[in-house]
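To start, the structure under review is shown below, and the notes come after it.
The values are calculated or read from the model by the stated rules, or taken from the named source; none is laboratory data. From a predicted model like this one, the values you see are computed outputs, not experimental measurements. Virtual Cβ from ideal backbone geometry, glycine too; neighbours counted across all protein chains shown.
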Amino acid sequence: MTLDRVMIAPSILSADFTRLAEAVAVAERAGADWVHVDVMDGHFVPNLTIGPPVLRALKRITKVPLDVHLMVDNPDETVEWYLDAGADLVTVHVESCADPRAVFARIHEHGAKAGISLNPPTPVSALEGLVGAVDVVLVMSVNPGFGGQSFIPDAVGKVADVDAMARRARHEVVIEVDGGIDETTAPLVVASGARMLVAGNAVFGRPDPTAALHAIRTAADLAAGHGA
Ligand code: DX5
Ligand code: ZN
């Protein structure tokens, strides 16, 4: 990846669910590049969160593009729900997607961007042949299901491996990292090639989410060689 600037995608999973509009407005004012929406189905992961109606409501109140992370068992059957609800980027998991190429094609037909994600135990080799068909590769740096978990350092090497795989495929992808990202861990993954960072607890779990987002951005941009 050649992008110097790192995109920040605050995850509203760590926001106050009774005040989602406020959380999105805070993210927007703080200059968030995306709003990360974690969809969990209680099967693929042991938690149940947001679905298409809430996504549709969020779409009405913000201009910031919506980064929809589908942690579900049957993305092949349900991806259209999220596209119709206004997702700008839809990421499915390689562990649960039966026909990733067909799903990416449907996402692209809707004019959205397509992403593929892999869990911490899944090797980067699982993405072989798929990297050339997506816009984003999302490397999980926690086992998905909950916000506020600790960063798993193996993600740093996986980001570098995805970057090398994309270069071999001569295809430009944005590498996104999700889980335990804060101002300390952000530079580690940016230095190995990540250019999009999800942060939940390190933004909405802090007393001043705006300052917290800026701190992550500053640390990330410095690591990307583009001092803020
Ligand atoms: C984890 C979710 C993440 C989560 C990250 O299952 O996919 O997007 O919100 O939260 P933090 O940044 O608190 O680890
Ligand atoms: Zn996520």
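Tabulated data
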| quantity | calculated |
| --- | --- |
| Number of positions in segment 28-46 that are within 14 Å of the chain's Cα centre (by Cα), of a type in the set (A, V, I, L, M, F, W, C) and away from ligand 2 (no atom under 12 Å from the Cβ) | 1 |
| Leading residue by the ranking (nearest to ligand 1 (Cβ to nearest atom)) among those in segment 152-188 that are part of a loop (DSSP other than H, G, I, E, B), surrounded by fewer than 20 Cβ atoms within 10 Å (Cβ to Cβ) and not aliphatic (A, V, I, L, M) | Asp182 |
| Pairs with Cβ under 7 Å, 6+ apart, first in segment 42-59 and under 22 Å from Glu22 (Cα atoms), second assigned to a helix (DSSP H, G or I) | Thr49/Leu13; Pro52/Trp81; Pro52/Tyr82; Leu55/Tyr82; Leu58/Leu20; Leu58/Val24 |
| Among the residues listed as Ala105, Ala155, the single one being within 16 Å of ligand 2 (Cβ to nearest atom), in contact with a helix residue (DSSP H, G or I) (Cβ under 9 Å, 6 or more places away or on another chain), of a type outside the set (Lys, Arg) and farther than 16 Å from Phe44 by Cβ | Ala155 |
| Matching residues, segment 136-154, being in contact with an Asp or Glu (Cβ under 9 Å, 6 or more places away or on another chain) and without any contact (Cβ under 8 Å) to a residue 60 or more places away in the chain | Val137, Val139, Met140, Ser141, Val142, Phe151 |
| Positions within segment 93-135 being more than 23 Å from Ala160 (Cα to Cα) and part of a loop (DSSP other than H, G, I, E, B), in sequence order | Ser96, Cys97, Ala98, Asp99, His110, Gly111, Ala112 |
| Criterion (within 14 Å of ligand 1 (Cβ to nearest atom), surrounded by fewer than 19 Cβ atoms within 10 Å (Cβ to Cβ) and at pLDDT 95 or above) met by exactly one of Pro144, Pro120 | Pro120 |
| Residues within segment 189-214 that are within 14 Å of ligand 1 (Cβ to nearest atom) and outside any loop (DSSP other than H, G, I, E, B), tallied | 12 |
| One residue from Asp4, Asp16 being modelled with pLDDT under 95 and over 15 Å from Asp88 (Cβ atoms) | Asp4 |
| Filter result (surrounded by fewer than 17 Cβ atoms within 10 Å (Cβ to Cβ) and either in a helix (DSSP H, G or I) or free of Cβ contacts under 8 Å to residues at least 12 places away in the same chain (or both)) within segment 60-75 | Arg60, Ile61 |
| Any hit, segment 201-215, residues being within 23 Å of Gly115 (Cα to Cα), touching a residue at least 60 places away in the same chain (Cβ under 8 Å) and either surrounded by fewer than 16 Cβ atoms within 10 Å (Cβ to Cβ) or of a type in the set (Gly, Ala, Ser) (or both) | no |
| Single residue of Ala15, Ala85, Ala30, Ala23 found to be away from ligand 1 (no atom under 16 Å from the Cβ) and either over 21 Å from Val137 (Cβ atoms) or surrounded by fewer than 24 Cβ atoms within 10 Å (Cβ to Cβ) (or both) | Ala85 |
| Unique match (being more than 13 Å from ligand 2 (Cβ to nearest atom) and within 18 Å of the chain's Cα centre (by Cα)) among Leu83, Leu89 | Leu83 |
| Looking only at segment 118-151, and only at residues there that are of a type in the set (Val, Ile, Thr) and within 16 Å of the chain's Cα centre (by Cα), the one that is farthest from ligand 2 (Cβ to nearest atom) | Val131 |
